[in-house]
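Have a look at the structure below before the remarks.
The values are calculated or read from the model by the stated rules, or taken from the named source; none is laboratory data. Not measured: the values here are computed from a predicted model. Because the Cβ atoms are built from the backbone with ideal geometry, glycine has one as well, and the counts that use them run over all protein chains shown.
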């Protein structure tokens with residue numbers, strides 16, 4: 001049943017949390033920032049010191065906390081992509097709160113539509129939905145758009161891998177967040193089967209709540 005005509009529908013309440021020294025605003029239409037994912041920001045931050053100049057791309061950005069925290073110490077530009085307009089709104093708000101509004105560009109839409117074919121990035125960060133669709137009910141507190149990874153949990157992951165192949169610079173690096181070691185093994189298999197093989201998984205880090213993998217362009 002929809003809202004009664006004339007009834008005012010209250011907006012979800014905005015919350016804030018500290019994420020590695022940044023104050024991140026969000027509401028229940030985007031995924032709540034998880035403390036453990038600061039590891040993804042820190043890994044990406046460490047990589048930036050050795051990578052070539054250029055903006056950082058973040059896919060499935062959510063509230064933007066992972067990408068913002070990664071680029072803040074380096075004052076790098078961030079291109080943040082998400083299909084959720086609420087997510088893009090919070091990225092803009094959180095960038096402004098961090099004094100980074102001039103460094104952050106949000107793009108609303110599918111990653112294969114909002115990125116130009118000639119754009120490349122030395123670092124790509126991705127936190128795609130990875131929960132298999134039959135299991136999304138296990139996480140009722142999370143918005144479906146942020147966790148639904150399709151029938152096998154890998155649908156958006158595959159889109160991220162395709163974007164990484166298209167947009168990662170020579171000697172560029174990507175940091176991809178997944179749910180399980182099995183999914184990381186599936187990513188490795190997908191990369192091995194790609195022709196020509198240009199991206200390889202070079203490192204896997206496991207945590208209580210998920211896994212991170214490093215992907216390098218090798219050709």
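Things to note:
- Among the residues of region 181-202, just one is closer than 26 Å to residue 35 by Cα, touching a helix residue (DSSP H, G or I) at 6+ places or on another chain (Cβ under 9 Å) and either touching a residue at least 40 places away in the same chain (Cβ under 8 Å) or surrounded by fewer than 15 Cβ atoms within 10 Å (Cβ to Cβ) (or both), namely 183.
- Any chance residue 48 is more than 18 Å from residue 156 (Cα to Cα) and either surrounded by fewer than 23 Cβ atoms within 10 Å (Cβ to Cβ) or touching a helix residue (DSSP H, G or I) at 6+ places or on another chain (Cβ under 7 Å) (or both): yes
- Out of 114, 81, one residue alone is in contact (Cβ under 8 Å) with a residue 24 or more places away in the chain and surrounded by fewer than 18 Cβ atoms within 10 Å (Cβ to Cβ). It is 114.
- Filter result (modelled with pLDDT of 95 or more and in a strand (DSSP E or B)) within region 107-132: 107, 108, 121, 122, 123, 124, 125, 126
- Scanning region 133-151 for residues that are over 17 Å from the mean Cα position of the chain (by Cα) and either part of a helix (DSSP H, G or I) or farther than 15 Å from residue 29 by Cβ (or both) yields a total of 7.
- Subset of region 136-154 [over 14 Å from residue 210 (Cβ atoms), in contact (Cβ under 8 Å) with a residue 12 or more places away in the chain and either surrounded by 18 or more Cβ atoms within 10 Å (Cβ to Cβ) or touching a helix residue (DSSP H, G or I) at 6+ places or on another chain (Cβ under 9 Å) (or both)]: 136, 143, 145, 148, 150, 151, 152, 154
- Hey, residue 75 surrounded by fewer than 24 Cβ atoms within 10 Å (Cβ to Cβ), on the phi > 0 side of the Ramachandran plot and more than 12 Å from the chain's Cα centre (by Cα) or not: yes
- Enumeration of residues in region 74-86 that are assigned to a helix (DSSP H, G or I) and under 15 Å from residue 57 (Cβ atoms): 74
- Criterion applied to 191, 178, 204, 215 was being farther than 20 Å from residue 109 by Cα and at pLDDT below 95, and the one residue passing it is 191.
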